[in-house]
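The next block holds one structure in the form of structure tokens; read it before the comments.
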Amino acid sequence: MKNLEKGLEAALQEGADYCDVRFVINRVEEIRVRGESPEKVLSKMNQGYGVRVLYRGAWGFAAGQHLEETALKAVKVAKASALAKKEEIVLADVEPYNDSWETPVKKDPFAVPVEEKISLLVDCGKVLMEPEDVKVSQAGMRAQEQEKWFSSSEGARIHQRIVYCGGGIAAIAIKGGDMQRRSYPSSFEGDFSQQGYEFIESLNLYDHCQKVAEEAVALVEAPPCPSGKMDIVLESSQLALQVHESCGHPTELDRVLGYEASFAGTSFLTPEKVGAFAYGSPRVTIVADSTAPGGLGTFGYDDEGVKACKTTLVDKGVFSGYLTSRETAFQLGEEKSNGTMRATDFNFMPLIRMTNINLMPGDFTFEELLEGVNGVYMETNRSWSIDDRRVNFQFGCESGYTIENGELKQMVKNPSYTALTPEFWGACDAVGNDWYLWGLPNCGKGEPPQTMFVGHGAAPARFRGIQVGVG
Amino acid sequence: MKEDVLSILEKVMKLSKADQCEAHLSGRSWGLTRFANSYIHQNVVEENQELTVRVVFGKKIGKAKTNQLNPESVGEVVERAEKIARAQKEILDFVSLPEPNSIPEVKGFFKETAEVQPEERASLVKATIDHAEGKGIETVSGAYYTGKEEVAVMNSLGVEAYFEGTISSFKVNTAVEEGTGTAQNFSRNHKQLNCEALTEKSCEKALASKKTEKVLPGVYPVILEELAVCEMAGYLAFMTFGAQAYQEGRSAFSGRLGEKFADEKVSFWDDGTNEKGFPVPFDAEGVGKQKVDIMVDGVAKTVVYDSFYAHKEGKKSTGHAIDAPIPMGAGPTNLFMGKGTHTLEDLIGNCEKGILVTRFHYTNPMHRLKTVITGMTRDGTFLIENGEIVKGLKNLRFTQNILEALSAVKGVSNTWGIVRMEYMKASVCAPALHVGNFNFTGATSF
């Protein structure tokens, strides 16, 4: 266990009432191939201390390379914060754990020769670029190892080693003034998991290149998606982002309490709605689960030293809970935080972040979801936007198919749908049984912006009478 | 210190055995104070530096980064970059790192801004909260940051560049009943932020939009205030103004330079030396900045280049390389949209019926080639009738082709707002616009 005692001692001697110290070492390897040529092959390493203190009920945080100096700066900042405090910040209790946790890894992604990885992605590029109308292709993979030590003045001593990796491919076809993109296994860098290189191997990126390229070309030629109110079936990676934007973010209690009001906004899920608000139909149950194996939001302990756990956010359609921190849990009258505080790196103050926010599976097969439907099936996110209380949203997808009398028919391009969050989830009358835990490495939040890796379990689902097209 | 930074980069040059080598150092020492519910909820200071080494063997390139600057770590990062390069495949279109070039002088460092202490930021935040609450505002939130940044680039062909600048920003959001307001500013000199005036403006917005009413989605004339236009211009630049998108056929300008894309009142240029924005005298490859006219009187003139994409066309870099987490080729980093002659009040006065938008929220591209974006209005959306603001409106969703909006510009303000994206080290200065047709496609509940 790395000794962070001097940081704690320096802060307490300077007057801090509470202090926690994180020492973080990051290692990242990133390979991106554009067309058939490597675009970026990067190895990144960084490390440092992040010290958080409470002084007379006010926060201070400092990041740097020298432990004691950084701790003293944090106290100075907290003393400044105390000049503009209204009430003293109080933290909900936590058991001071002394423990260690790490991602189970079968094949160390950093031990696989970089030549092998580049060759795989270049080979992908060759297949992706084969059709004449594919003008751009992307193939990439990324691995990150984050080793961190956490010590608090309450006695916690925690060491964790988190490893995740993943990748994806995409083809962009351009013809006749139109441009269409198709990705695998999902958009925006692909899919990621808290596993070793065995996960990247399981994606079989090369085997999917031909289909992805052909679908990009087919989309350019495809007719536009019909518009109007109709039934839709969403593929699970699109639903993962839907859960992210319309359930994950609005259940972050810091947002709800107004801490993000000037930046990302607040939330329509205000505290009086807990246990009493119809968030969705009885088919909709959503949980936050930081214990899910392989999830990007999985860990042993959060960055406040709270043990990983499972919390129900929506229970059979009823809004039932928040993602909390020690500070916000106390404000809400909860005894304990449910452990969602994470910082992107040593130099960021932890914030409430999504862990694995999972839509629980139903019992419908894909064929049963389509049964009797006349509407549109949409897959793979292309664009997303939602208002600052997370009510009105609009999503665009890469690809769509008309559904006629329960059968997938014509491929259509530029599919999009728009709705208000409770009405949308209220229109969900079936969730599939083909459940998958997606990994999103790029959730943005906070000032300065922090990019976090989060997980979303989802299965395809059906929604009745949704506005398709931009309205 | 300049000498310390350059000595680290020199050490990289000496250690590297590659055919060509580039060292880039970026550092920041700053403090950010966030406030919400009328108290400080996040107050941070950070000191960090990052050294990036790019090495070239023939046409094989490797890149490595570290934030440890001791001699052992500097040697290790060079070795790591070279190991990658040796394992690489050739990048056939690569020609060379940039040659030495002229780098302009830019004033971007203000000693007092570099030395702002946490207590000063906290005092200003407290004064802001008191000011707003005195106006009847219920909740005040925002962020105030100050600090300094330094960046240096050196390469084995003789490029050597160093810049030290200061950064600052103040943003305040105010809320009362169902009304919200916002105001923000960015400057290299924190004394030019005018925090008190921003607070006053934010309060006025919130109080004026107190009783919001619904309006049906549809096509309306709009007055887009500066913050909204900055966001729209930023997306247009990201999708259209870079050489990578242009060469790949992903830019609306691809193969169409010289064509008219917008109203004659619309011009864009990038100028890394212009101190009205966030000047930096050179790009991530150490190429000196210059003014580049991208669109003049509505006509597309050029796109911006880094050395890789410039060499593909046999051109020289325009000094627009970006060291972004996701490679996106070159892009504007100090972008300006031309001002007009009208005041904002003139623009409103000339609008018979329309909607005034203070800012956008969560905007994202729907179709990049067609420059279609969607997003929400936020923090002050108002109905204009007979040239006057008559009431606050509930927020609306828009889905709009940017170039079509710029083709329908009826008036341009004589003012600039500014938005800076710290993580991209890029800023946009833009005026307010009167746009004849703007497509609102949905509405929300507040």
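Under 15 Å Cα to Cα from A:K86, which aspartates and glutamates show up? Leave out anything in the same chain fewer than 8 places away. Result set, ordered by chain and number: A:E327, B:D130, B:E133, B:E138.
Each residue, A:L12 and B:Q290, gets one label point 7 Å from its Cα in the Cβ direction; the gap between the two is 6.2 nm. Tell me: how much accessible area in total is hidden between A and B, 1.4 Å probe, Å², nearest 100? Approximately 6700 Å², summed over both chains.
Considering only beta bridges that DSSP places wholly inside region A:234-347, some 90 percent are antiparallel. Surface listing: A:R157, A:R353, A:R181 arranged by accessible area from highest to lowest gives A:R181, A:R157, A:R353, probe 1.4 Å.
Per residue of B:365-372, how many C-beta atoms from partner chains lie within 10 Å of its own C-beta, taken as a mean?
Details: counts 4, 9, 8, 5, 6, 4, 0, 4.
Mean inter-chain Cβ contacts per residue within 10 Å come to 5.
Rolling a 1.4 Å probe over the protein chains gives A:K316 an accessible area of about 130 Å². For the protein assembly as shown, what proportion of DSSP beta bridges, expressed in % and rounded to the nearest 5, is antiparallel? Taking every DSSP beta bridge within the protein assembly as shown, about 90 percent pair in antiparallel fashion.
For the residue pair A:S202 and B:S96, what label-to-label distance in nm results when each label sits 7 Å from Cα along the Cα-to-beta-carbon direction? With each label placed 7 Å out from Cα toward Cβ, I get 4.9 nm. Take the alpha carbon gyration tensor of region A:114-203, find the square roots of its eigenvalues, order them as a ≥ b ≥ c, and report rounded if a/c is under 1.5; if not, report prolate when a/b exceeds b/c, else oblate. Judged from the Cα gyration tensor, region A:114-203 comes out prolate (a/c at least 1.5, a/b above b/c). Within straight-line reach of A:K307, meaning a Cα separation under 17 Å, sit the following lysines at least 8 residues removed in sequence or on another chain: A:K148, A:K336.
In whole percent, what relative contact order does chain A give with Cα contacts below 8 Å and a gap of six or more residues?
Details: 1333 pairs, mean separation 74.4, N = 471.
Answer for chain A is 16 percent.
Using a cutoff of 8 angstrom between alpha carbon atoms and counting only pairs six or more residues apart, the relative contact order for region B:144-223 works out to 25 percent. Can you tell me what share of the DSSP beta bridges in chain B is antiparallel? A percent to the nearest 5 is fine. Antiparallel: roughly 90 percent of the beta bridges in chain B. Within 10 Å of the Cβ of each residue in B:78-88, the mean number of Cβ atoms contributed by other protein chains is 3. Rounded to the nearest whole angstrom, the semi-axes of the ellipsoid equivalent to region A:211-251, taken from the Cα gyration tensor as √(5λ), stand at 27, 16, 8, largest first.
Counting helices only, and only those DSSP H runs with n ≥ 4, report the 222 nm mean residue ellipticity of chain A as the sum of -39,500 (n - 2.57) divided by its residues, in deg cm²/dmol to the nearest 500.
On the way: 10 runs with 89 residues, N = 471.
It comes out at -5500 deg cm²/dmol, rounded to the nearest 500.
Starting from the Cα gyration tensor of region A:122-280, take the square roots of the eigenvalues, sort them a ≥ b ≥ c, and report rounded, prolate or oblate (rounded when a/c is under 1.5, otherwise prolate if a/b is larger than b/c, else oblate). Note, shape of region A:122-280 comes out oblate. For B:W269, the solvent-accessible surface computed with a 1.4 Å probe is close to 40 Å², ligands and nucleic acids excluded.
Computed on chain B, with alpha-carbon pairs under 8 angstrom and 6+ residues apart, the relative contact order is 15 percent. The overall shape of chain A is oblate: from the C-alpha gyration tensor, with semi-axes ordered a ≥ b ≥ c, the ratio a/c is 1.5 or greater and a/b is no larger than b/c. Taking all protein chains as they are arranged and a probe of 1.4 Å, the heavy atoms of B:M154 leave approximately 10 Å² accessible to solvent. Cross-link reach is defined here as a Cα-Cα straight distance under 28 Å, omitting same-chain residues fewer than 8 places apart; for A:K229 the lysines meeting it are A:K316, A:K409, A:K413, B:K214, B:K370, B:K394.
The values are calculated or read from the model by the stated rules, or taken from the named source; none is laboratory data. Predicted model, so just to flag it, every value in this text is computed and none were measured. No Cβ is skipped: glycine too gets one built from the backbone with ideal geometry, and neighbour counts run over all protein chains shown. Heavy atoms of the whole protein, side chains included, go into the accessibility calculation; ligands, DNA and RNA do not. Shrake-Rupley method; radii C 1.70, N 1.55, O 1.52, S 1.80 Å.
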